[in-house]
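Step one of this worksheet: look at the structure below.
Rule-based calculations on the coordinates, nothing more; no lab input. All values derive from a computational prediction rather than experimental measurement. Positions of Cβ are generated from backbone atoms using ideal geometry, with glycine treated the same way; all protein chains shown enter the neighbour counts.
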Amino acid sequence: METSYPLDDNFTTNGVNITEEIKSYLYETAKWGKFLSIVAFVFIALIVVFMLIMVFAGGAAMMSGLGEASAMAGMGVGFMVVIYGLMIAMYFFPTLYLYRFSTKMKLALDSNDQQTLSESFMNMKSVFKFWGIFTAIIIGFYVVAFVISLLFGGMAMFM
């Protein structure tokens, strides 16, 4: 038994026909995607450099032996390394997927290779999936923060 979905009504049984106009849109999208991914990789490299500067500066502050200030510098450096590490991980994977999408899309369009085209769109799916999950997590944090602020705000009224 064949299952039909409403979005499938516009497709033929022989597959989707990619016209020259669609190819030009995909090719231009791939060029912009490659540009944006390269710029993002440069910014990721800058974040890595800033993280290393923080580590070395914090290490120098801890070696100076300022007692409590030295311990605070060490905790600050550790915290900043975690923050920078999370930023690097957060941006690296979607940037990598965008770069792969762009390079594979250009290759697929130049060589008319269906398998490479599928791999290209798989990488684009991964970009959107990553940012969708990330957005859902952030919205969840906002909801929790809102509920907590309502609870503590309500408690403050009765004190």
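Excluding residue 20 itself, what net charge comes from residues whose Cβ is under 14 Å from its Cβ, given Lys and Arg +1 and Asp and Glu -1?
Local charge sum for residue 20: -2.
Using a cut-off of 15 Å between beta-carbons, work out the net charge of the residues near residue 105 (Lys and Arg +1, Asp and Glu -1, residue 105 not included). Let's see the in-between values first.
Values: positive: 23, 31, 34, 100, 104, 106, 125; negative: 28, 110, 113, 119.
With Lys, Arg at +1 and Asp, Glu at -1, the neighbours total +3.
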Item to complete: Could you tally the net charge around residue 126, taking each other residue with its Cβ under 13 Å from the Cβ of residue 126, Lys/Arg +1 and Asp/Glu -1?
Response: +3
